[in-house]
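Working notes, structure below.
Since every read-out is calculated from the coordinates, none of them should be taken as a lab result. These figures come from a predicted structure and were not determined experimentally. Note that each Cβ is placed from the backbone with ideal geometry, even for glycine, and that neighbours are counted across all protein chains shown.
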Amino acid sequence: MSVVIEAVREASDEVVAAFGRLLPQLSAGAAIDREAVERVVGSEGNTVLAARAGGVVVGLLTLVIYPLASGVRARIEDVVVDGAARGQGVGAALTGRALELARERGARTVDLTSRPEREAANRLYERAGFRRRDTASYRVVL
């Protein structure tokens, strides 16, 4: 499968539809509307990457870059590849491009989280150079 990775610059109808189709494949019950896509795409610290195969968006990834006193850091969030395109290099292409962009923008580290049951995704991240960290992750719902 030939995959083209591009940065999303605007919340077009196509991009909103792609988020609407793909995000529920990542997180059950996830819903996103145009306003939310506009916020994500329009945020200065975010770069949304879209993977196209045959002209159709088959994957999305959000790269978040932020400065801290200890240096520039980055996170990869909301990586999702359409079920029909999985296992064909789409996730690797998205992740690889995100790492290139983070490096170009001076990030010292790139973090991501992935549920343990997403075994194929976890193998992909390890092949991309990510290492599992022994850390506690905390969340508060506001």
Positive minus negative residues near R52 (Lys, Arg vs Asp, Glu; Cβ under 13 Å): -2
Amide H contacts under 5 Å for R118, placed H, 5+ residues apart: none
Three-way shape label, the chain, alpha-carbon gyration tensor, a/c 1.5: rounded
Ranked list, fewest to most other Cβ atoms within 10 Å of each Cβ, for D134, D82: D134, D82
Spacing of the two label points (7 Å from each Cα toward its C-beta) at R139 and E10, in nm: 3.4 nm
Gaussian network model of the chain, springs between alpha carbon atoms under 10 Å - residue of G71, G42, G89 with greatest fluctuation: G71
Extended-chain gain in nm, criterion 0.36 nm per residue less alpha-carbon gap, L68 and M1: 20.3 nm
Ranked S12, S137, criterion: other C-beta atoms within 10 Å, fewest first: S137, S12
